[in-house]
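Written below as structure tokens is the structure these notes are about.
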Amino acid sequence: MKKVLIVTGAGRGIGAATACLAAQQGYAVCVNYRHSQEAAQRVVETIEKSGGQAIAIAADVASESEVVALFQAVDKQLGTVTALVNNAGILEQQQKVEAMDAARLHHVFATNVIGSFLCAREAIKRMSTNQGGGGGAIVNVSSVAARLGSPGEYVDYAASKGAIDTLTIGLAKEVADEGIRVNAVRPGFIYTDIHASGGEPNRVERVKISVPMKRGGQALEVAHAILWLLSDEASYTTGSFIEVAGGK
Ligand code: NAP
């Protein structure tokens, strides 16, 4: 069966590293992005130069109609999806809970939580053996924030990742006998552009001293864990979490 993977938010960071590594492992990859078309196109070109197959498709995962259209486009251009990485995620400026307004909370939860639910729903429709599908695997990108809570920085973001953990546990059990495995990774402090959204581009340098390994992580180190969870080598693994956090 052709391996077809959708990675949400794959224009840069962990998503881009995952898309490139997956292509090397024989997946035809959909590089989803929201705004940064040029970055997504660069990921596609990198994959194509190495002989892989990839397409870039714009969709805001928080929009139900755009998620539906994303999966329909993949059906047409790559074939039926067999793997999904719910990677797209955002955080807002560092702030205490006492200052957070509803608009911020809606934005964070719509992208990080509702986006992952909607993409999982569309994937299940196509993967479920109950619905004529051939099975598949989903990996959700959570965070160590789910268990650390991110006090003084973004408790809303941490709570959204707590919801992703619960989605992983519940959905894994719900679809375990439909040929679909659902797992998650919990990255720690990884060198990507996400920290700039919080107002501190060099955050990893500040906080790495608190990591037992005394360093930040690279996006590719997270991608390796994601690809293992997607692979047949993880065939009896579902509802599980891999910490990619240097011992944090
Ligand atoms: P990043 O460098 O900021 O990249 C995020 C990507 O997601 C961008 O390509 C962005 O695309 C896309 N995106 C954002 N909102 C989207 C939406 N609504 N729909 C579709 N795509 C959207 O982030 P990252 O650090 O690689 O993070 C990836 C995942 O890892 C996130 O879920 C994050 O919470 C998680 N994580 C990261 C760390 C870390 O230290 N970096 C630690 C733990 C967990 P556009 O540029 O087009 O908007």
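Per residue of the chain, the DSSP helices (runs of n ≥ 4 H) give a summed -39500 (n - 2.57) that works out to -12500 deg cm²/dmol at 222 nm. Placing Met213, Met127, Met1 in order of accessible area, with the largest value first and a 1.4 Å probe, yields Met1, Met213, Met127.
Put a plus charge on the Cβ of each Lys and Arg, a minus charge on the Cβ of each Asp and Glu, and nothing anywhere else: the dipole of the range 4-244 about its Cα centre is then about 380 debye. For the range 1-116, the C-alpha radius of gyration divided by 2.2 N^0.38 Å, with N the number of residues, is 1.12. The range 106-248 has equivalent-ellipsoid semi-axes of 29, 17, 12 Å, by the square roots of 5 times the alpha carbon gyration tensor eigenvalues, sorted largest first. Expressed as a whole percent, the accessible area of the chain that falls on carbon and sulfur atoms is 52 (1.4 Å probe).
For a straight C-alpha distance cut-off of 26 angstrom, the lysines reachable from Lys161 (same-chain residues fewer than eight places away being disregarded) are Lys96, Lys125, Lys173, Lys208, Lys214, Lys248.
Extension gain, Lys173 to Val207, is 8.7 nm, computed as 0.36 nm per intervening residue step minus the present C-alpha separation. If you look at the Cα atoms of the chain, you get an Rg and a Dmax of 17.0, 51 Å.
The values are calculated or read from the model by the stated rules, or taken from the named source; none is laboratory data. What you see is a predicted model, and the numbers here were worked out from it, not measured in a lab. Every residue, glycine among them, receives a Cβ derived from its backbone with ideal geometry; neighbour counts consider all protein chains shown. Calculation scope for accessible area: heavy atoms of the full protein, side chains included, ligands and nucleic acids excluded. Shrake-Rupley method; radii C 1.70, N 1.55, O 1.52, S 1.80 Å.
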